[in-house]
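The values are calculated or read from the model by the stated rules, or taken from the named source; none is laboratory data. These figures come from a predicted structure and were not determined experimentally. Every residue, glycine as well, gets a Cβ built from its backbone with ideal geometry; the counts of neighbours run over all protein chains shown. Note: accessible area is taken over every heavy atom of the protein model, side chains too, but ligands, DNA and RNA are not part of it. Shrake-Rupley method; radii C 1.70, N 1.55, O 1.52, S 1.80 Å.
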Amino acid sequence: MGEVTARIGVNGTPRELVVPAQELLLDTLRERLGLTGAKRSCDVQVCGTCTVLVDGEPVSSCTYLTCDADGREVLTIEGFAEQPEFAEFERAFDERAALQCGFCTPGFVLTLKALRDAGELRSREDVIQGLDGNICRCTGYKSIVEAAEMLIGEPAAGLRGER
Amino acid sequence: MSGVEVKPGRRVVGSDLARHDAIEKVAGRTVYAADFALPGMLHARLKRSDYAHAKLTRVDTTAAEALDGVVAVYTAADVPRNTVWVDVPGQTLEVGALKARSNVLADGVVRYHGEPIALVAAESDDAALAALDAIEVDYEPLPVVDDAERALDPEAPQIHESGNLLAHWELEEGDAEAGIASAAAVVEDEYRTQFIDHAYLEPEAGVSWRDTDGVITIRAATQVVEHFRDVARILDLPDNKVRLITPYVGGGFGGKEDMTVEPYLGIVVALTGRPARMVWSRQESLQARQNRHAVRMRYRTGADADGRLVAMDVDILSDGGAYALLSALVLLYSTTCAAGPYRCPNVRIRARTVYTNHTPCSAMRGFGGMQVALGYEGQMDRLAAELGVDPLELRRRNFVERGDTLPIGQPLETTVELPALIEAVTERLEPPPEPSAPRRAVGRGFACNLQPYGRCVWLNDWSSAWIGFELDGTLVIRIAVPDIGGGQASSLIQIASEVLGVAPERITIHIGDSALNPLTGTTTATRQLYMSGNAVLKAARDLREQLAGVAAELLEVEPEQVEFGAEGVSVAGGERSLEFRELLAACASVDVSWHVHATYRAPKGVPWQADESWRGRVFPDFTYGCHAADVEVDLDSGQTRVLRYVAGHDVGQTINPQSVEGQIEGGVAMGLGYALSERLVFDEAQNLTGSFAQYLIPTAVEVPEIDTVVLESGEGMGPFNARGIGEPPIGPPAPAVAAAIRDAIGARLTELPFTPERVAAAVRAREEDADAEG
């Protein structure tokens, strides 16, 4: 099968990757780049566990071809964790105990970041509807929704990271 | 934050201490089983059966082995010992009282869709997948048994030589028939539950390698670190030549209680000498890993004119699938809990579990104790309607109390706070809302339950822990506990901090390693806080006593007067003090060590015997609950929406309130999925549910706001009198939703899940009846 070259910004670092045309972004991140924060779980774009941001939009990297990210910026949880804004998310999830096994957590965090950056995290209803593509099997969502409610609005001044 | 207050005199037990593993998990840094890699590791995959029941007339691996990058293809003949023996304290007819048998790789016959036939190890995952396609398997299909009732037909195909009856429990206390005959009201119904999947987000995964001294080491997602022994037996190695490490696990719920990837990872490393990784796909996880038993229950329940139960006749038939695994034990839980938290003088219970060609069933949260809640609570609601008594009042008249004995002979030694739970849950409820639109109806339902915590008493369960100081005054806990997300490890930090004063952030816990940490038993059966918590509590108290003696000498007081604080010890409120570093130096000079190893042993009981007259204690203790659900039903589509939910449990004493609430909220959400949407669908034993696109797990949109009531009776067998809370919240949601739907539409649903189709059909039937009468 043919290989393609994809020039992708990964967490702010330009990468030139030669990958099989059918390679999934999730495999590129996990197996080639050692970025294991995005998890493989459902394989069919249902559970949100493999969520990463491509040009700021949340995508399921389990069904997203690496070659389609050519010319784009990919942000994974590892990259977001380096940004000042992450501290707010960390504190909210920690304070509300919004995780148990933690396997789904990076996907929730990145989905919420994308919602907030898009100005779509304004209310509890926004939170609930905005999380309909992320499954958590442990918490029953209450604590996650509460953590997300702490993040409603704009990022705190000066904390906004690069997209 | 929770509303629970830390009790006077306590430092951290009962407080919302942030979990030590939270920050790593939020940042995506936790290294789960599939996140780990070793240089040069092989990729392992399983060839699985396309048929639910067939003879394997040919398994040819030649073409697969010849492919580029394929290192080895193994079949049953290659496995040193292909038979897995599961110790099951139940009445498994096939192999005597205490063991169940299955195969690592199918040997001549496959008995369920997805049963492993061959194991591939290759240089890349792509090569492994290509090898699976190249393995040639010829099947001679055998007739399929896909119904538990039919399995018992003498004419039915026999799945194992021992016959299709896998296990049974039967008992009678008093005279059930006479009781029924004397009852003022008798209600009778049949209840059915479905197969469901644990659906944790982390699929089964692990990595294996050969470590120093030839020890086969497996780092895998499991709830049971003691499976190292099972792997050793499969590999025909001494137990001490296999080591199992459990990283933080991405959810378990019983699905990682039986072995999953462990045997295969062991085989590849043992036979090739190379490291290996195996990760199951979601399709494999859904289709080929064990499920929760589907159960058919028939209940006849009689009460006198005052609404006091006089008789119960229960017939339970569960579908155990193709291999025994833990089915006999699951059935024992059903038998123990069949009458619910109710007092009844005449009880007959007949419980059977059978082999079929469905995916094997085994442990899942609630473990047989939860399915029967649909039956016993459904009966209480029917009886209340029959007698014209309020359903909660009927329950109050019949609750068991301390000193009572369950029909199986189980004594209840701790307080049963169900009346207080009903009161507390009812107080949290608001008036039922009005329907949001015409052709919609709202309803409210309640359900109560009991669920054991801790393993069967005759298993002589024990847990051990090691606690020691480092020279800088920080503390280390070593304990081979698998942490599957419930905060199993962080609760232990909290307990050690409570006793020894060391600040939680100065405590490191090393978990889940069968070689380096003391064994503490399985993270199953709602036993880990109870058992490991008691072990750590004992170790911490022993260590405190050890150090207090030395400190007392130096500070010239009695040992009891020594206070332990975050940085060290002191007396008289800090008048004189010693930092831990100083105290440890003093200990060294007088040959007192600053570490201890302690073991907690659970209460013992008379071993179960294969005899219908056996009665006795089965479990250490129980956790009780009361839940309430408000639902709205769309009368045309049948869609049921849960509007509000209140869940109350007596947990004895909370160690971490947020963790307790998390267990309750998560259990309710999982229970609501069970009630309304989740099911594995089979067609002639072919599992059709291969993806989360078909298997419908509730999201934040479906799960209502869950209000938790955490009652602390101060009685329980865990550390600081805590009770277990992992499994108990899973029981009540389905019967509470059933009662709420009944309240809304006037029709009773008895078969899970309550899908829109079933609810709409019930509404139509009810409306047609009304039209016919009108």
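If you check B:R455 against the conditions, is it open to solvent by 30 Å² or more (accessible area, probe 1.4 Å) and in contact with a Leu (Cβ under 6 Å, 6 or more places away or on another chain)? Taking the combined requirement at face value, the residue does not satisfy it. Only one of the numbered conditions (1) open to solvent by less than 10 Å² (accessible area, probe 1.4 Å); (2) within 14 Å of chain A (Cβ to nearest Cβ) is violated by B:S497, and that is (2).
Considering only the range A:89-101, state which residues are within 13 Å of B:G666 (Cβ to Cβ) and either of a type in the set (D, E, K, R) or within 7 Å of another protein chain (Cβ to nearest Cβ) (or both).
If we filter the range A:89-101 for residues that are within 13 Å of B:G666 (Cβ to Cβ), which is where we start, we get A:97-101.
Passing the criteria: A:A97, A:L99, A:Q100, A:C101.
Being of a type in the set (D, E) and either under 16 Å from A:S60 (Cβ atoms) or within 10 Å of another protein chain (Cβ to nearest Cβ) (or both) is the filter; apply it to the range A:77-88 and report the residue that is least open to solvent (accessible area, probe 1.4 Å). Give the derivation first.
Restricting attention to the range A:77-88, the residues satisfying the condition of being of a type in the set (D, E) are A:78, A:82, A:85, A:88.
Filter again for either under 16 Å from A:S60 (Cβ atoms) or within 10 Å of another protein chain (Cβ to nearest Cβ) (or both), leaving A:78, A:82.
Numbers: A:E78: 43, A:E82: 150 Å².
For the range A:77-88, the residue satisfying everything is A:E78.
Within the range B:615-654, the set of residues being among the hydroxyl-bearing types (S, T, Y) and surrounded by fewer than 20 Cβ atoms within 10 Å (Cβ to Cβ) comprises just one member, B:S637. So is B:D315 free of Cβ contacts under 8 Å to residues at least 60 places away in the same chain and surrounded by fewer than 22 Cβ atoms within 10 Å (Cβ to Cβ) or not? In short, yes. Candidates in the range B:244-278 are the residues that are open to solvent by 10 Å² or more (accessible area, probe 1.4 Å), over 22 Å from the mean Cα position of the chain (by Cα) and under 16 Å from B:P116 (Cβ atoms); of these, the one that is nearest to the other protein chains (Cβ to nearest Cβ) is B:Y264. When the test is whether a residue is touching a residue at least 60 places away in the same chain (Cβ under 8 Å) and more than 30 Å from B:D513 (Cα to Cα), B:P433 passes it.
Looking at B:A34, B:A44, can you tell me which residue is in contact (Cβ under 8 Å) with a residue 40 or more places away in the chain and more than 10 Å from chain A (Cβ to nearest Cβ)? Steps first, please.
Numbers: B:A34 fails: more than 10 Å from chain A (Cβ to nearest Cβ).
Among B:A34, B:A44, only B:A44 is in contact (Cβ under 8 Å) with a residue 40 or more places away in the chain and more than 10 Å from chain A (Cβ to nearest Cβ).
If I filter the range B:667-700 down to residues being among the hydrophobic types (A, V, I, L, M, F, W, C), closer than 25 Å to B:G486 by Cβ and assigned to a loop (DSSP other than H, G, I, E, B), which single residue comes out as farthest from the other protein chains (Cβ to nearest Cβ)? Here the answer is B:L680.
The single condition among (1) open to solvent by less than 80 Å² (accessible area, probe 1.4 Å); (2) in a strand (DSSP E or B); (3) in contact with an Asp or Glu (Cβ under 8 Å, 6 or more places away or on another chain) that B:K47 does not meet is (3).
Within the range A:111-144, if we keep just the residues that are at the interface with chain B (Cβ under 8 Å from one of its Cβ atoms) and aliphatic (A, V, I, L, M), the residue that is surrounded by the most Cβ atoms within 10 Å (Cβ to Cβ) turns out to be A:I144.
Here are some residues: B:V592, B:V596, B:V631. Which one is under 30 Å from B:P559 (Cβ atoms) and assigned to a strand (DSSP E or B)? Even if it seems obvious, please write down each step before you answer.
Numbers: B:V592 fails: assigned to a strand (DSSP E or B); B:V631 fails: under 30 Å from B:P559 (Cβ atoms).
B:V596 is the lone residue from the list that is under 30 Å from B:P559 (Cβ atoms) and assigned to a strand (DSSP E or B).
When the range B:246-263 is filtered for residues that are out of contact with any helix residue (DSSP H, G or I) (no Cβ under 9 Å at 6 or more places or on another chain) and not charged (D, E, K, R), the ones remaining, listed by number, are B:G251, B:G252, B:G254. Of the residues A:T49, A:T105, A:T28, the single one that is under 21 Å from B:A18 (Cα atoms), open to solvent by less than 10 Å² (accessible area, probe 1.4 Å) and among the polar types (S, T, N, Q) is A:T105.
Of the residues B:A693, B:A628, which single one is more than 16 Å from A:Q100 (Cβ to Cβ) and without any contact (Cβ under 8 Å) to a residue 12 or more places away in the chain? Even if it seems obvious, please write down each step before you answer.
Details: B:A628 fails: without any contact (Cβ under 8 Å) to a residue 12 or more places away in the chain.
Among B:A693, B:A628, only B:A693 is more than 16 Å from A:Q100 (Cβ to Cβ) and without any contact (Cβ under 8 Å) to a residue 12 or more places away in the chain.
The set of residues in the range B:717-748 that are on the phi > 0 side of the Ramachandran plot and assigned to a loop (DSSP other than H, G, I, E, B) contains only B:G746. In the range B:354-369, is there at least one residue being in a strand (DSSP E or B) and of a type in the set (S, T, N, Q)? No, the range B:354-369 has no match at all.
Of all residue pairs spaced 6 or more apart or on separate chains, those with beta-carbon atoms under 7 Å, a first member in the range A:50-61 that is on the phi > 0 side of the Ramachandran plot and a second member that is at pLDDT 95 or above and not hydrophobic (A, V, I, L, M, F, W, C) are A:D55/A:R72; A:D55/A:E73; A:G56/A:D117.
This table checks each residue for (1) over 30 Å from B:S691 (Cα atoms); (2) of a type in the set (D, E); (3) open to solvent by 20 Å² or more (accessible area, probe 1.4 Å).
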| residue | (1), (2), (3) |
| --- | --- |
| B:G174 | yes, no, yes |
| B:A178 | yes, no, yes |
| B:Q194 | no, no, no |
| B:A199 | no, no, no |
| B:R210 | yes, no, yes |
| B:I216 | yes, no, no |
| B:R219 | no, no, yes |
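Among the numbered conditions (1) farther than 24 Å from B:I484 by Cα; (2) not in a loop (DSSP other than H, G, I, E, B), the only one that A:E120 does not meet is (2). Contact map, the range B:367-386: residues that are modelled with pLDDT of 95 or more paired with residues that are in a loop (DSSP other than H, G, I, E, B) and of a type in the set (D, E, K, R), Cβ distance under 7 Å, separation 6+ or inter-chain. Pairs shown: B:F367/B:E727; B:A384/B:D390. Of all residues in the range B:7-31, which are away from every other protein chain (no Cβ under 14 Å) and open to solvent by 60 Å² or more (accessible area, probe 1.4 Å)? Result: B:K7, B:P8, B:G9, B:R10, B:R11.
All of (1) within 14 Å of another protein chain (Cβ to nearest Cβ); (2) within 30 Å of B:Y112 (Cα to Cα) hold for B:R644 with one exception: (2). For the range B:282-302, taking the residues that are open to solvent by 10 Å² or more (accessible area, probe 1.4 Å) and more than 22 Å from the chain's Cα centre (by Cα), the one that is nearest to the other protein chains (Cβ to nearest Cβ) is identified as B:R298. A Cβ distance below 9 Å, combined with a sequence gap of six or more or placement on separate chains, defines the contacts here; from the range B:142-156, residues that are in a loop (DSSP other than H, G, I, E, B) and modelled with pLDDT of 95 or more reach residues that are open to solvent by less than 60 Å² (accessible area, probe 1.4 Å) and among the acidic types (D, E) in the pairs B:D146/B:D319; B:D147/B:D319. In the condition set (1) in contact with an Asp or Glu (Cβ under 7 Å, 6 or more places away or on another chain); (2) farther than 22 Å from B:W594 by Cβ, B:I511 is compliant with all but (2).
The residues of the range B:629-674 that are within 21 Å of the chain's Cα centre (by Cα) and either β-branched (V, I, T) or within 22 Å of B:R439 (Cα to Cα) (or both), listed by number, are B:V651, B:T654, B:I655, B:V660, B:I664, B:V668.
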